[in-house]
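The next block holds one structure in the form of structure tokens; read it before the comments.
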Amino acid sequence: MALSRRHAMHLVVLAILLVFTAFFFVPIIWLFLAPTKTDGQLLTESPFAFGSLSTLAHTFHRIVTYSGYSVLIWLKNSAIYSFGGTALAVLAAIPAGYALALTHFIGRRVLLAITLVVMIMPATALVLPLFLEINKLGLYGTIWALILPFGFFPFGVYLTYIYFSATIPKDLLAAARIDGAGEWRVFWHIALPLARPIVALVGFFAFVASWNNFFLPFVMTYDSSQYPIQIGLQQLIGSTASFNPANYSAGSSIVVLHRPDLAMAVIIAIAPVLLVFLFAQRSLVTGMLAGATKE
Amino acid sequence: MAIVTFEAATRTYPNSHRPAVDGLDLEVRDGEFLVLVGPSGCGKTTTLRMLAGLENVDAGDISIDGKSVVNLAPRDRDIAMVFQNYALYPHMSVAQNMGFALRMAKVPKSEIDERVRAAAKILDIEEYLERKPRQLSGGQRQRVAMGRAIVRQPRVFLMDEPLSNLDAKLRVATRAEIAALQRNLGVTTLYVTHDQVEAMTMGDRVAVMKDGVLQQCDTPRALYDEPANVFVGGFIGSPSMNLLEGTVGDGGVRLGSTVIPVTESLPIPVGAPVTVGLRPESLALAPAGGGIPARVSMVEELGAEAFVHARPADGVGMAQNAESMIVARFEPRTAPATGELIHLRAKDGSMLLFDASSGDRIRARS
């Protein structure tokens, strides 16, 4: 009796898990299948039906060549903004987190508290004052308007702070100081080589935050040639007939996009993030510290 | 080659009222192996870290060869330190660990290699030079930590309980090696331990600390024979010195109904309370009717000797904070049996007297 009852419980749990898995995976599956179909097929056929490879190739071609290869320009812009922003975020966050965790200076606790507070603040709340600042500095419309704000990455500072406080024994740094290293060399020769996992993690989060950012580039760019892919996607939605029928009366010369094209564009937009994740994951190797000190 | 001098050196941690190290006056002589010993929290590690430059000196001064170092950064003090947990750089090989300080000092690479190799040879770790610390055993890591210190040829070695992470057998072997190595190199060494056996076997002199205050600094022999106060008497020696409550009588010290005669006149009045210190080997069986009566509750037969634990009777009290049993050393196969009532006497000239309130030694012999 007891066994069958446990069995039944297992089945119930399994069923609940399956329902939730399906709930979250169905939209993703739909998204990846959509570009293989025509707009008509998307509406009439089963959501899980596979269209054809030739339709997929056709969709890909349409979206890439759309409006003078705009999608490729946007991807390139996104890459510049994101790599620039990530580099700046890592350059600022890693030393800052290190200093908060392992050195002593006046105001350290206050700075740490401020870091926590601003981490909770939504980034969008700062976009307007940032716009005014960037404008005053004469950087509006330049790539710096989208890179400089990422030098301020409190989440990365906090992650680094946690990592250094938890994994690097203070005696290790004391040993280096006694061995003749100044503060800069202690950081460069000891702390940084041991921080590879956190550099990868902070870099990854900064990259994703920058790549997926919408509101900041929405405010900071004014020309389609400066758009990152996220703003470009919004423009594509505006060009999709079924979402915006008023603009596309019969006989218009503008290329009209359809829903499968939009799905293709979304896949193109998320692909780089997936690639960066695979790259960063390899560096997230732990166990670097085994053997530093005897536990 | 260096002389290290602490002059009224004091360190009080933030948010603490009591100094961790309180007005320390101590000199480590040129080439000397000086051991700082005491119970945990006595300030011995803080003292070491003050000399290393890892702790501030709030008052007083610390100098090396007559020059104050309190305002120098650790890297400018020309000292090397072996940490309790070794603190080896995990991302560097053994050779890189040992050569790091020389690299920081911009010593030419060929010379670094030469000196690392020479130090590795002394410590017998040549075959591990290319390994990472995590690939080494605890004992090997300990040697690398030693190697990192000796490669530098510093003025002073600092060692913070370097043996406490080793197992008992390896600890005894390494103890002798470190002491021999230090004597060969002749580098002034300050060594911290909580283990009084380690202190007694390794140090040229031993400084005993308690609650941030230096109690006594002398050779191991002198500490054992002539402790400055009741704390040093009880801390040094294993098993510990027996501490009993006594009162000054006429021509001797009264323990219950027993009187231990004192030849010199005591500098305290008759009737005053004193603490009587008797080491286990200072006790012997007394003829029936004389001596301190005690009932044997346990016998430790160790082969070469035997320790008898006995509960004192007839109004003889143990001093406050002391053990509740008297421990007496016997030759093997001569120890009394458990449950037996024995009478113990102090061997001539072996009794130590301490002031019952201050704990200071009263200089008089029985």
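The values are calculated or read from the model by the stated rules, or taken from the named source; none is laboratory data. Please read these numbers as outputs of a predicted model, since none were measured by experiment. With ideal geometry, Cβ positions are generated from the backbone for all residues, glycine too; neighbour counts draw on all protein chains shown.
Could you list, in sequence order, the residues of region B:138-151 that are surrounded by 22 or more Cβ atoms within 10 Å (Cβ to Cβ) and closer than 21 Å to residue B:45 by Cβ?
B:141, B:142, B:145, B:146, B:148, B:149
What is the residue count in region A:125-140 for residues that are in a helix (DSSP H, G or I) and surrounded by 13 or more Cβ atoms within 10 Å (Cβ to Cβ)?
Number of matching residues: 7.
Identify all residues within region B:37-73 that are farther than 29 Å from residue B:196 by Cβ and facing chain A (nearest Cβ under 8 Å); write none if there are none.
B:73
Mind listing just one residue for me: the one in region A:141-183 that is within 14 Å of chain B (Cβ to nearest Cβ) and part of a loop (DSSP other than H, G, I, E, B) and, of those, surrounded by the fewest Cβ atoms within 10 Å (Cβ to Cβ)?
Among those residues, the one meeting the criterion is A:182.
So which residues in region B:100-144 are within 32 Å of the chain's Cα centre (by Cα) and either at the interface with chain A (Cβ under 9 Å from one of its Cβ atoms) or not in a helix (DSSP H, G or I) (or both)?
B:100, B:101, B:124, B:125, B:133, B:134, B:136, B:137, B:138, B:141, B:142
Among the residues of region B:36-45, what is the count of those that are surrounded by 20 or more Cβ atoms within 10 Å (Cβ to Cβ) and either among the basic types (Lys, Arg) or not in a strand (DSSP E or B) (or both)?
5
Could you check region B:7-35 and list, in sequence order, the residues that are under 21 Å from residue A:177 (Cβ atoms) and either crowded, with 21+ Cβ neighbours inside 10 Å or not assigned by TED's automatic domain parsing to the domain that holds residue B:221 (or both)?
Passing the criteria: B:9, B:11, B:20, B:21.
Residue by residue, here is whether (1) surrounded by fewer than 21 Cβ atoms within 10 Å (Cβ to Cβ); (2) more than 21 Å from residue B:21 (Cα to Cα); (3) out of contact with any Pro (no Cβ under 8 Å at 6 or more places or on another chain); (4) in contact (Cβ under 8 Å) with a residue 24 or more places away in the chain holds:
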site: B:211; (1), (2), (3), (4): yes, no, yes, yes
site: B:222; (1), (2), (3), (4): yes, yes, yes, no
site: B:226; (1), (2), (3), (4): yes, yes, yes, yes
site: B:233; (1), (2), (3), (4): no, yes, no, yes
site: B:249; (1), (2), (3), (4): yes, yes, yes, no
site: B:254; (1), (2), (3), (4): yes, yes, yes, no
site: B:262; (1), (2), (3), (4): yes, yes, yes, yes
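I need the full set of residues from region B:113-131 which are in contact (Cβ under 8 Å) with a residue 24 or more places away in the chain and within 16 Å of residue B:145 (Cβ to Cβ), in order please.
Listed by number, the residues that qualify are B:116, B:119, B:120, B:122, B:123, B:125, B:128, B:129, B:131.
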